[in-house]
Every structure is written in structure tokens, then in C-alpha cells.
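Read through the structure below, which is laid out as C-alpha cells, and then see the notes.
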């Protein structure tokens, strides 16, 4: 379809970008932020807007879609993209996270860990597709299957690469075939290892429920396993954490013993993939990794950031035991966290047509965004003085 001299997809892409500009004006801004935050966000979104809509085709008909979650990072960007592609989008969440989505996006409120509340919220609704970003356990997946069976033609589960990290043998980058096998024993309760183990185990339990539902009754699920997802809305501020350390001139502390491989994903690639999946039957009943095509070391990734920021890269190797004992990891180097997965997405490329953006291409965009944005330092940067004291041979107290 042609509108004047521009295709419908071009018009939609422009509308999506316009919407993001308007949304940026209403982003929560810390004192002193103002215009620099807006300019940084605008710079980034102007670069990614057309990428997403080149990846997603203009729908032949308007679809009714449900996004469970949808207000923070990936979900927020997904809702905007689906809405501007002409679909009717409903979000379901607890209403706790600040919501800057457009007013015409329908909201349903429920705690998805409460099956009764979820049943009330979903009652008398049907959706062509559901995207679930907030399913973390087997019971939550069982409730979703029970309530959505026969009410949706497609259920896209947002999984995680940590389903591989709870295996006794971890291959980096991980492939879908690495899922099966013995699992790690439960770490001591109250530790960070336990929290990450519980997260990976819960996501596995959810996937197993969905796979069984597909086998038993052809419940139309697809699982997208994601590593770290990068975007300007990352509430952990991981790229921002690194950038501030690069700019302050002190070395970035990295654990000795060699770097972990880095194979993450940028949010607009995931959004584009989901936009295509809701318009097709590809990948139903199976799980796929989504990640960038290139594999970097931590130091190589830092080198890309340093070059983009126009500063030299300074690193100092410190015993991982020391960094752990001082509780400096993962904030001093998020990419060095052993609970950070690296994924091989070649199967998604072959079956789904997924095309990931190389890290060398998207990291400079994010560095530019954070350089232009007068955002407050992330929580993890508060320990920087302790890192520099350790660098100087003074053990933090």
C-alpha cells in the first residue's frame, strides 16, 4: 500500500519515531537532567527506529495483542513498536513500575503470581498473540497455559540464557542443544549465587511446562532465550557503569584468570524478531537463542566503548577471589559476572531469519546516548572509591 509517495511501513516508522520523541519528554528526569537526557534519548531512538520497522512487516490486519510486563526495558520498547505497527495492545502487570506508555494502551492489573487475580484480569479476553516477559516459575507458566489455552493463537515466552548456566557443564557460547543434562546443586540460601541459580531454575521449570503443554495439547508457545539485553532503558545501567569508569581516568578492575566470552543482544533486535513472529507460525513449539553474531572478550568489548568515548582503555587485573571478597563484582565489571550468559543464535538465524546487530555497531550508539544524557550515576558506581583504593594497594575496610 502506498500513501502519497511513501509506503505504509515508512509512515509507521515515522510515527513510531515521533511517538518516542514525545515519550522522551515525559521520561522520569532527575534534578539537573532536562534537555541533555532528551537529546541523548532522541539521538539513540533516531538511529534504531527504522531498524525495528524494517524488521517487522506491516500487518495485513490489526491484531489484538497482550504483553505481560511491558513497562520497564524491553517490554516498553516492544509495546511502542507493536502499537505503532497498527495493533491493539494491552499490557498486564501489577502497576508498580512507573508507566509512561501512551494512554490508548489498555492496562490490566494483576499480580501474576496470584492465579485467581490473573484469571479475573484475563476473563472474557481473546488475543491473537501474547508476549510474556514476566513468567519466572513453573506454577506461573501452568497458570498461563490454563488461562490462555484456546484464547490465543501464539504465546511468546521471554526466556533467559541462565537456563544453561545452571547446568553442571557450561559451554560458551551456549546452544539450544546444551539445555538437556544434569543441573547444579542448590547454592547456600541468601547468597547471590543462590538468587541467580533460583532464577535460572525457575525459568527452566516454566519452559518445561510450556514444552509439555505443546506436546500434550499443542499450546502454541515459542521461547526466546535472551542473554543480557542492552538498551538506553537498562535500569541496571551496565553500559553507563563502564562509561563512567572510562571517563574518570582510573583503571577498570577486571578479574584475573582470563575473560569470559561476551555475546549479548540489543533490544531493538529482539523487538524486531517478536514483531515478525506474531505475523507468522515460524518457531512454534520450540526454543531459540537470540544474540549478537560476534563473540568478544570483556576487554575487547571495553575497547569498543573506550574508542567510542574517545578515551584510552585502562584496565587492572585483580584476583577474582579478592573482588568477590570485597563485594566489588559484578558492579566493577558486569560483563565479568559468571552468571552472564553468552549465546549462539545461529539456529534462530536459520529457522526464524533472525539477524543480530554486532556489538561493535550497537555499543557506540549506547555510549553516545549515555554521553549526551545527564543521567545520575548508577547505583554500582557508588563503590568506585573502594575500587581505586584497592588499585592503590589499600584494602577497603
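Total residues in the range 83-141 satisfying the condition of being part of a loop (DSSP other than H, G, I, E, B) and either surrounded by fewer than 16 Cβ atoms within 10 Å (Cβ to Cβ) or in contact (Cβ under 8 Å) with a residue 24 or more places away in the chain (or both): the figure is 29.
Residues checked against (1) within 24 Å of residue 291 (Cα to Cα); (2) surrounded by 15 or more Cβ atoms within 10 Å (Cβ to Cβ); (3) at pLDDT below 95:
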| residue | (1), (2), (3) |
| --- | --- |
| 155 | yes, yes, no |
| 160 | yes, yes, no |
| 167 | yes, yes, no |
| 174 | yes, yes, no |
| 185 | no, no, no |
| 203 | yes, yes, no |
| 206 | yes, yes, no |
| 213 | no, yes, no |
| 217 | no, no, no |
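Would you be able to tell me the number of residues in the range 173-224 that are outside any helix (DSSP H, G or I), closer than 30 Å to residue 275 by Cβ and touching a helix residue (DSSP H, G or I) at 6+ places or on another chain (Cβ under 8 Å)? It would help to see each step written out before you state the result.
Restricting attention to the range 173-224, the residues satisfying the condition of being outside any helix (DSSP H, G or I) are 173-175, 179-191, 218-224.
In the following step, the residues that additionally are closer than 30 Å to residue 275 by Cβ were identified as 173-175, 179, 218-224.
Then keep just the ones that are touching a helix residue (DSSP H, G or I) at 6+ places or on another chain (Cβ under 8 Å); that gives 174-175, 179, 219-224.
Number satisfying all stated conditions: 9.
Inspect all residues belonging to the range 248-263 and state whether any of them is in contact with a strand residue (DSSP E or B) (Cβ under 6 Å, 6 or more places away or on another chain), crowded, with 23+ Cβ neighbours inside 10 Å and part of a helix (DSSP H, G or I). No; the residues of the range 248-263 include none that is in contact with a strand residue (DSSP E or B) (Cβ under 6 Å, 6 or more places away or on another chain), crowded, with 23+ Cβ neighbours inside 10 Å and part of a helix (DSSP H, G or I).
Of all residues in the range 303-339, those satisfying the criterion of being in contact with a strand residue (DSSP E or B) (Cβ under 8 Å, 6 or more places away or on another chain), under 27 Å from residue 195 (Cα atoms) and buried (at least 17 other Cβ atoms within 10 Å of the Cβ) are 318, 323, 328, 329, 332, 333, 335, 336. Within the range 285-307, being more than 21 Å from the chain's Cα centre (by Cα) and farther than 30 Å from residue 352 by Cβ holds for 299, 303, 306, 307.
Matching residues to (1) in a loop (DSSP other than H, G, I, E, B); (2) touching a residue at least 60 places away in the same chain (Cβ under 8 Å); (3) within 19 Å of the chain's Cα centre (by Cα); (4) within 28 Å of residue 316 (Cβ to Cβ):
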position	(1), (2), (3), (4)
332	yes, yes, no, yes
370	no, yes, yes, yes
382	no, no, no, yes
390	no, yes, no, yes
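Return the residue satisfying two criteria in turn: it lies in the range 349-363 and is surrounded by fewer than 16 Cβ atoms within 10 Å (Cβ to Cβ) and in contact with a helix residue (DSSP H, G or I) (Cβ under 9 Å, 6 or more places away or on another chain), and of such residues it is nearest to residue 307 (Cα to Cα). Steps first, please.
Pass one, the range 349-363, residues surrounded by fewer than 16 Cβ atoms within 10 Å (Cβ to Cβ): 350-351, 353, 355, 358, 361.
Then drop every residue that is not in contact with a helix residue (DSSP H, G or I) (Cβ under 9 Å, 6 or more places away or on another chain), which leaves 353, 355.
Working: 353: 31, 355: 25 Å.
Checking each candidate, the answer is 355.
The values are calculated or read from the model by the stated rules, or taken from the named source; none is laboratory data. Here the structure is a predicted model, which means the values were calculated and not measured. Here the Cβ is made from the backbone with ideal geometry for all residues, glycine too, and neighbour counts use every protein chain on show.
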